[in-house]
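Trainee: Take a look at the following structure, please.
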Amino acid sequence: AAEVMDVDVLPIPTCPDGRLTGPGLRTGLADVAHDGLFAVVATAGSTNLGVVDDLASVADVAAELGAWLHVDGAYGGAGLAAPSVRHLYRGVERADSLVVDPHKWLFAPFDACALLYRDPEIARAAHTQHAGYLEPVQVDGEWNPSDYAIHLTRRARGLPFWFSLATHGTAAYQQAIESTLTVARHAAAEVRRRDYLELVAEPDLSVVALRRLGWTPEQYYDWSARLLSANVAFVTPSTYESETITRIAVVNPRTSTADIDLVLDSMAG
């Protein structure tokens, strides 16, 4: 996105648990020149570890700076539907824009992405493309999704998600997401119980990042390939601070605690 806008990204150090906070943002900005800063990007559930930033304190600093606050909830935004973790998102209501990918934790087919704006007219002014052949579809009062992002031609990616919501209702989604959270908590507890495994971070949501003590990167990749080849699970290696780890992302409400136990047992040998 920064390359599309031809702007620079200014990384801000996070807490040891990977969380961005308002005080950390202030400290990070105090150490560098940040003339022209116009936006702050926070995360509501990072893809690698599932960490939710301290959105409320980050929103405070963004407001002080007069900066646009974007919240990346591509994976984790779906957690807003789960009462057990909704408190982690305090402050998300202050975002100027929010992105959620229903094909991740909202069980929709690939590829569905929802981009929400507090004031859509600002986005429309930025993204609407003008050409003679487009004039028939640029009618005041008409909703044209192509006017709110950088692409022009697009298909109706949201229809499968809409049909599923209409069929099952939001209560079913709440129950399904809570189910994945329960299974992820079981996974974390099982990792703590097994002396050959260690949590990389305490999970906020349904991603459980862990290390197999004593394994080399090659062993992680061999293990992952064996699981996939045997049609047991699709659990891939990842990296965290240059260390090879693995992560269990529970985004299927049909995943069971028995499935988790099978995967963790397979790391014992």
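Trainee: Could you check how many residues of segment 57-66 are open to solvent by 10 Å² or more (accessible area, probe 1.4 Å) and either touching a residue at least 24 places away in the same chain (Cβ under 8 Å) or in contact with a strand residue (DSSP E or B) (Cβ under 6 Å, 6 or more places away or on another chain) (or both)? Working first, answer last.
Mentor: Step one: list which residues in segment 57-66 are open to solvent by 10 Å² or more (accessible area, probe 1.4 Å), which gives 57, 60, 63-66.
From the residues that got through so far, the ones that are either touching a residue at least 24 places away in the same chain (Cβ under 8 Å) or in contact with a strand residue (DSSP E or B) (Cβ under 6 Å, 6 or more places away or on another chain) (or both) too are 57, 60, 63, 65.
Here the count works out to 4.
Trainee: If you don't mind, there's one more thing I want to ask. For residues that are modelled with pLDDT under 95 and either touching a Gly at 6+ places or on another chain (Cβ under 8 Å) or of a type outside the set (A, V, I, L, M, F, W, C) (or both), tally how many sit in segment 136-182.
Mentor: Summing the residues that are modelled with pLDDT under 95 and either touching a Gly at 6+ places or on another chain (Cβ under 8 Å) or of a type outside the set (A, V, I, L, M, F, W, C) (or both) in segment 136-182 gives 17.
Trainee: Of Thr244, Thr255, which residue is in a loop (DSSP other than H, G, I, E, B) and among the hydroxyl-bearing types (Ser, Thr, Tyr)? If you could, list the steps in order and put the result at the bottom.
Mentor: Details: Thr244 fails: in a loop (DSSP other than H, G, I, E, B).
Step by step, each of Thr244, Thr255 is checked, and only Thr255 is in a loop (DSSP other than H, G, I, E, B) and among the hydroxyl-bearing types (Ser, Thr, Tyr).
Trainee: Step by step: first the residues of segment 146-159, then only those that are part of a helix (DSSP H, G or I) and of a type outside the set (Gly, Ala, Ser), then the one that is most open to solvent (accessible area, probe 1.4 Å). Which residue is that? Outline the logic, then answer.
Mentor: Residues of segment 146-159 part of a helix (DSSP H, G or I): 146-148, 159.
Filter once more, keeping what is of a type outside the set (Gly, Ala, Ser): 147-148, 159.
On the way: Asp147: 8, Tyr148: 16, Leu159: 86 Å².
Filtering first and then ranking leaves Leu159.
Trainee: So which residues in segment 77-108 are of a type in the set (Phe, Trp, Tyr), open to solvent by less than 20 Å² (accessible area, probe 1.4 Å) and part of a loop (DSSP other than H, G, I, E, B)?
Mentor: Initially, segment 77-108 is screened for residues of a type in the set (Phe, Trp, Tyr), giving 89, 105, 107.
Narrowing the set further to residues that are open to solvent by less than 20 Å² (accessible area, probe 1.4 Å) leaves 89, 105.
Hits for segment 77-108: nothing passes.
Trainee: From the list Val191, Val200, which residue is in contact with a strand residue (DSSP E or B) (Cβ under 8 Å, 6 or more places away or on another chain), surrounded by 13 or more Cβ atoms within 10 Å (Cβ to Cβ) and over 23 Å from Arg254 (Cβ atoms)? Spell out the reasoning first.
Mentor: Working: Val191 fails: over 23 Å from Arg254 (Cβ atoms).
Result of the check over Val191, Val200: Val200.
Trainee: Oh, and also: Is it the case that some residue within segment 249-262 is among the β-branched types (Val, Ile, Thr), farther than 20 Å from Ile177 by Cβ and at pLDDT 95 or above?
Mentor: Filtering segment 249-262 for residues among the β-branched types (Val, Ile, Thr) gives 250-251, 255, 257, 260.
Next cut, farther than 20 Å from Ile177 by Cβ only: none.
Checked against the condition, which is being among the β-branched types (Val, Ile, Thr), farther than 20 Å from Ile177 by Cβ and at pLDDT 95 or above, segment 249-262 yields no hits at all.
Trainee: Could you check how many residues of segment 117-145 are within 17 Å of Leu98 (Cα to Cα) and open to solvent by less than 80 Å² (accessible area, probe 1.4 Å)? Full working, then the answer.
Mentor: Kept after step one, since they are within 17 Å of Leu98 (Cα to Cα), are these residues of segment 117-145: 117-124, 126-127, 145.
Remaining after also requiring open to solvent by less than 80 Å² (accessible area, probe 1.4 Å): 117, 119-120, 123-124, 126-127, 145.
The total comes to 8.
Trainee: Among the candidates Leu181, Leu165, Leu228, single out the residue that is in a helix (DSSP H, G or I), open to solvent by 80 Å² or more (accessible area, probe 1.4 Å) and either farther than 30 Å from Asp6 by Cα or of a type in the set (D, E, K, R) (or both).
Mentor: On the way: Leu181 fails: open to solvent by 80 Å² or more (accessible area, probe 1.4 Å); Leu165 fails: open to solvent by 80 Å² or more (accessible area, probe 1.4 Å).
It is Leu228.
Trainee: Then there's this: Count, please, the residues in segment 79-138 that happen to be in contact with a helix residue (DSSP H, G or I) (Cβ under 6 Å, 6 or more places away or on another chain), of a type in the set (Phe, Trp, Tyr) and free of Cβ contacts under 8 Å to residues at least 40 places away in the same chain.
Mentor: So the count comes out to 2.
Trainee: Also: Only residues that are of a type outside the set (Asp, Glu) and exposed (fewer than 13 other Cβ atoms within 10 Å of the Cβ): list them for segment 11-25, please. Outline the logic, then answer.
Mentor: If we filter segment 11-25 for residues that are of a type outside the set (Asp, Glu), which is where we start, we get 11-16, 18-25.
Pro11, Pro13, Pro16, listed by residue number.
Trainee: If you don't mind, there's one more thing I want to ask. Could you check segment 68-98 and list, in sequence order, the residues that are under 13 Å from the mean Cα position of the chain (by Cα) and among the β-branched types (Val, Ile, Thr)? If you could, list the steps in order and put the result at the bottom.
Mentor: In the first step, residues of segment 68-98 are kept if they are under 13 Å from the mean Cα position of the chain (by Cα); the result is 70-80, 89, 98.
Result: Val71, single match.
Trainee: While we're here: Quick check on my filter: what residues within segment 231-249 are hydroxyl-bearing (Ser, Thr, Tyr), open to solvent by less than 40 Å² (accessible area, probe 1.4 Å) and farther than 16 Å from Val51 by Cα?
Mentor: Taking segment 231-249 as the starting set, the residues that turn out to be hydroxyl-bearing (Ser, Thr, Tyr) are 236, 238-240, 242, 244, 246.
In the following step, the residues that additionally are open to solvent by less than 40 Å² (accessible area, probe 1.4 Å) were identified as 238, 244, 246.
Correct list: Thr244 only.
Trainee: Restricting attention to segment 250-258, does a residue exist that is over 20 Å from Asn48 (Cβ atoms), open to solvent by 70 Å² or more (accessible area, probe 1.4 Å) and over 24 Å from the mean Cα position of the chain (by Cα)? Full working, then the answer.
Mentor: Going residue by residue through segment 250-258, those that are over 20 Å from Asn48 (Cβ atoms) are 253-254, 256-258.
Then keep just the ones that are open to solvent by 70 Å² or more (accessible area, probe 1.4 Å); that gives 254.
Filter again for over 24 Å from the mean Cα position of the chain (by Cα), leaving none.
So far as segment 250-258 goes, no, none of its residues is over 20 Å from Asn48 (Cβ atoms), open to solvent by 70 Å² or more (accessible area, probe 1.4 Å) and over 24 Å from the mean Cα position of the chain (by Cα).
Trainee: Which of (1) at pLDDT 95 or above; (2) surrounded by fewer than 20 Cβ atoms within 10 Å (Cβ to Cβ); (3) of a type outside the set (Phe, Trp, Tyr); (4) more than 30 Å from Glu198 (Cβ to Cβ) is the odd one out, the single condition Ala33 does not satisfy?
Mentor: Result: Ala33 fails condition (1) only.
The values are calculated or read from the model by the stated rules, or taken from the named source; none is laboratory data. Small disclaimer: the values here were computed from a predicted structure and weren't measured. All Cβ positions, glycine included, derive from the backbone under ideal geometry; neighbour counts span all protein chains shown. To get the accessible areas, we keep the full protein, side chains included, count just its heavy atoms, and leave off ligands, DNA and RNA. Shrake-Rupley method; radii C 1.70, N 1.55, O 1.52, S 1.80 Å.
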